[in-house]
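Peer 1: Please see the structure below; I have some questions.
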Amino acid sequence: KFSYDMWGDTVNTASRMESSGVPGQIQVSPATRDLLAGNGYLLEPRGTIDIKGKGEMDTWILAGRQP
């Protein structure tokens, strides 16, 4: 049986993004937005939210793929 223990800034940011997200939608950070926007995904700005331990962060909602 394999067991994994993950930690670090990426995991903490993901957890904070999830807890401050909108039910049924995918909220992403600036770094993820940059990766997705250049690969055919549509993102809508959600605005700036306070991420515990990180401060204020601009966020986006994943809206789908470009046709």
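Peer 1: For the range 17-54, what are the residues that are open to solvent by 80 Å² or more (accessible area, probe 1.4 Å) and basic (Lys, Arg)?
Peer 2: ARG46, LYS52, LYS54
Peer 1: So, one more: How many residues, within the range 55-67, are under 14 Å from the mean Cα position of the chain (by Cα) and open to solvent by 90 Å² or more (accessible area, probe 1.4 Å)?
Peer 2: Result for the range 55-67: 1.
Peer 1: Sticking with this structure for a sec: Cβ-Cβ below 6 Å, separation at least six or inter-chain, first residue in the range 53-67 and free of Cβ contacts under 8 Å to residues at least 12 places away in the same chain, second not in a loop (DSSP other than H, G, I, E, B): which pairs?
Peer 2: GLU56/THR48; GLU56/ASP50
The values are calculated or read from the model by the stated rules, or taken from the named source; none is laboratory data. A quick note: this is a predicted structure, and the numbers were derived from the prediction, not measured. All Cβ positions, even for glycine, are placed from backbone atoms using ideal geometry, and neighbour counts span all protein chains on display. Protein only, heavy atoms only, side chains kept; ligands, DNA and RNA dropped before computing areas. Shrake-Rupley method; radii C 1.70, N 1.55, O 1.52, S 1.80 Å.
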